[in-house]
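Written below as structure tokens is the structure these notes are about.
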Amino acid sequence: MTDAGHGRRRHDRAIALVQAYYDAFNRGDWDGMLAVLGDDVVHDLNQGPREVGREAFTAFLRRMQASYREQLQDIVLMATPDGDRVAAEYVVHGEYLASDAGLPEARGQRYVLAGGAFFDVRDDLIRRVTNYYNLEHWIEQVETAQ
């Protein structure tokens, strides 16, 4: 197998891995999400701290489940040729169910928000997830929602 062919397989596997992560997210299948993460996963929260480890990621998912119901649509994935890094762009369609610490009060507000993420992939597992979205735009939507 040529280097290019080997790299292409790694590229395709990385895209499939991140797609599986998002498919599990959209199903609310937290175990499915955790299954594609390394034990030492690094999670960079949007405008927040860096958390390390599967246990911290599990706690994050619990917080998310308590306060938000979200579906990601229009997901576009791009990977480096060697499959070591993947980027994602998507649109979040969500509902704010319960107030989250430091954020506006939840009243079941709906929102639509562009987002993106970056992933490091190693040994066919996600080792880093870095999420980005415009928090000010989200706050504006939930504060003005009827």
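Within the set ALA87, ALA20, the sole residue that is under 20 Å from GLY116 (Cβ atoms), under 12 Å from the mean Cα position of the chain (by Cα), in a helix (DSSP H, G or I) and in contact (Cβ under 8 Å) with a residue 12 or more places away in the chain turns out to be ALA20. One residue stands out among those in the range 32-56 that are in a helix (DSSP H, G or I) and in contact (Cβ under 8 Å) with a residue 24 or more places away in the chain: the one that is surrounded by the most Cβ atoms within 10 Å (Cβ to Cβ), which is MET33. Scanning the range 94-146 for residues that are touching a Pro at 6+ places or on another chain (Cβ under 8 Å) and closer than 30 Å to ARG9 by Cβ yields no hits at all. Residues of the range 58-76 that are within 12 Å of the chain's Cα centre (by Cα), modelled with pLDDT of 95 or more and among the hydrophobic types (A, V, I, L, M, F, W, C): LEU72, ILE75.
Among the criteria (1) under 18 Å from ALA114 (Cβ atoms); (2) within 14 Å of the chain's Cα centre (by Cα), the one TYR96 does not fulfil is (2).
Each residue in the range 96-121 was checked for being charged (D, E, K, R), in contact with a helix residue (DSSP H, G or I) (Cβ under 9 Å, 6 or more places away or on another chain) and either touching a residue at least 40 places away in the same chain (Cβ under 8 Å) or not in a loop (DSSP other than H, G, I, E, B) (or both), and 1 pass.
Tell me, yes or no, whether the range 122-143 has at least one residue that is in a strand (DSSP E or B), at positive phi and touching a residue at least 12 places away in the same chain (Cβ under 8 Å). No, every residue in the range 122-143 fails to be in a strand (DSSP E or B), at positive phi and touching a residue at least 12 places away in the same chain (Cβ under 8 Å).
The values are calculated or read from the model by the stated rules, or taken from the named source; none is laboratory data. Quantities reported herein were computed from a predicted structural model and do not represent experimental measurements. Neighbour counts run over all protein chains shown; Cβ positions are idealised from the backbone, glycine included.
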